[in-house]
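Worksheet: one structure, shown below.
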Amino acid sequence: MIPITTKCCRFTFAAALGLWCFTFSISGQNKAAESLKALQTRADQGDAQSQYNLGVLLRDGQGVPQNRAEAVALFRKAAEQ
């Protein structure tokens, strides 16, 4: 039989771990959104590598809704430079 204090400690630890994971997940999502925004800004400024990278994300639907037409347009802009 496990003492009640051990059960409480395990529950508290599990709750703290779950909260930490949730916070880390939100933090990761915020960083991803900020990175995507920065990539979009550089692509709009004419950076060929950013245009290509954003095109790949749009083509594959990674972190953004899939949009193959926009991806092709970005690939062409990047290639023209």
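The values are calculated or read from the model by the stated rules, or taken from the named source; none is laboratory data. Since this is a predicted model, take the numbers as computed values, not measurements. Cβ: placed from backbone, ideal geometry, glycine included. Neighbour counts: every protein chain shown. Heavy atoms of the whole protein, side chains included, go into the accessibility calculation; ligands, DNA and RNA do not. Shrake-Rupley method; radii C 1.70, N 1.55, O 1.52, S 1.80 Å.
Key figures
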read-out: Any chance Glu34 is modelled with pLDDT of 95 or more, part of a helix (DSSP H, G or I), acidic (Asp, Glu) and out of contact with any strand residue (DSSP E or B) (no Cβ under 7 Å at 6 or more places or on another chain); value: no
read-out: Complete set of residues in the stretch 61-71 that are of a type outside the set (Asp, Glu) and either open to solvent by 60 Å² or more (accessible area, probe 1.4 Å) or in contact with a Leu (Cβ under 9 Å, 6 or more places away or on another chain) (or both); value: Gln62, Gly63, Val64, Pro65, Gln66, Asn67, Arg68, Ala69, Ala71
read-out: Inter-residue pairs, beta-carbon under 8 Å, first touching a residue at least 60 places away in the same chain (Cβ under 8 Å) and in the stretch 61-81, second open to solvent by 80 Å² or more (accessible area, probe 1.4 Å), 6+ apart; value: none
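Matching residues to (1) assigned to a helix (DSSP H, G or I); (2) at pLDDT below 85; (3) open to solvent by less than 80 Å² (accessible area, probe 1.4 Å):
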{"position": "Trp20", "(1), (2), (3)": "yes, yes, no"}
{"position": "Leu39", "(1), (2), (3)": "yes, no, yes"}
{"position": "Gln51", "(1), (2), (3)": "yes, no, yes"}
{"position": "Arg59", "(1), (2), (3)": "yes, no, no"}
